[in-house]
Every structure is written in structure tokens, then in C-alpha cells.
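Worksheet: the structure to be examined is printed underneath.
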Amino acid sequence: MTSSLEKFGQFVRQQRQKNGWTQLELSVKVFGSPRYQFIGHLERNKLAGITFSTADKIMLALGSELEFREYEK
């Protein structure tokens with residue numbers, strides 16, 4: 001079963017490549033400095049986790065946004 005983090009990493013890679021950006025270019029857009037290793041680890045599902053803040057920054061850099069749906073019990 002694919003984890004949410006793995007799916008997110010796959011989405012990030014697909015969107016980054018669609019925009020024609022390298023991992024370095026995306027990392028500078030997200031963090032303001034070169035942290036391409038973080039992006040690479042995310043895309044390869046090598047991270048233990050990610051904060052909502054960082055995920056949101058990545059989504060904004062990609063021109064997307066996180067959407068939370070109401071949870072019903």
C-alpha cells in the first residue's frame with residue numbers, strides 16, 4: 001500500500017518535471033536556498049516525515065495548494 005508521503009513525493013516529482021525544474025531550482029523556490037537533497041529524498045520516499053508548513057511551501061512553489069476536507073465520523 002502506498003503511503004500518503006510516498007504519494008506526495010510522486011506528485012511533487014511529476015509537477016516539478018512538468019514545470020521543467022530541477023530539484024535544485026525547486027528547493028530554492030521552497031526554502032530560499034539550495035536544499036535539493038531534501039527534494040530528492042521526498043521524491044524517493046526516503047523521508048521519515050514532513051511538516052504541514054513545508055508541504056504547504058512546496059505546494060505553493062508548484063502553484064498548487066493543500067486542500068483539507070471535513071472529516072465526518
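We did not get these values from a lab; they are worked out from the coordinates using the rules stated. Note that the coordinates shown come from a computational prediction; the quantities given were computed from them, not determined experimentally. Using ideal geometry, Cβ is built from the backbone for each residue, glycine included, and neighbour counts are taken over all protein chains shown.
Odds and ends about this structure:
- Residue in segment 43-57 that is at positive phi and either touching a Ser or Thr at 6+ places or on another chain (Cβ under 8 Å) or among the β-branched types (Val, Ile, Thr) (or both) present: yes
- Among the residues of segment 30-55, those that are surrounded by fewer than 13 Cβ atoms within 10 Å (Cβ to Cβ), within 12 Å of the chain's Cα centre (by Cα) and not small (Gly, Ala, Ser) comprise ARG44, THR51, PHE52.
- Looking across segment 29-73, the residues that are closer than 16 Å to LEU5 by Cα, assigned to a helix (DSSP H, G or I) and in contact with a helix residue (DSSP H, G or I) (Cβ under 6 Å, 6 or more places away or on another chain) come down to ILE39, GLY40, LEU42, GLU43, LYS57, ILE58.
- Every pair of residues 6+ apart whose Cβ atoms lie under 7 Å, when the first sits in segment 39-54 and is without any contact (Cβ under 8 Å) to a residue 40 or more places away in the chain while the second is basic (Lys, Arg) and part of a helix (DSSP H, G or I): GLU43/ARG13
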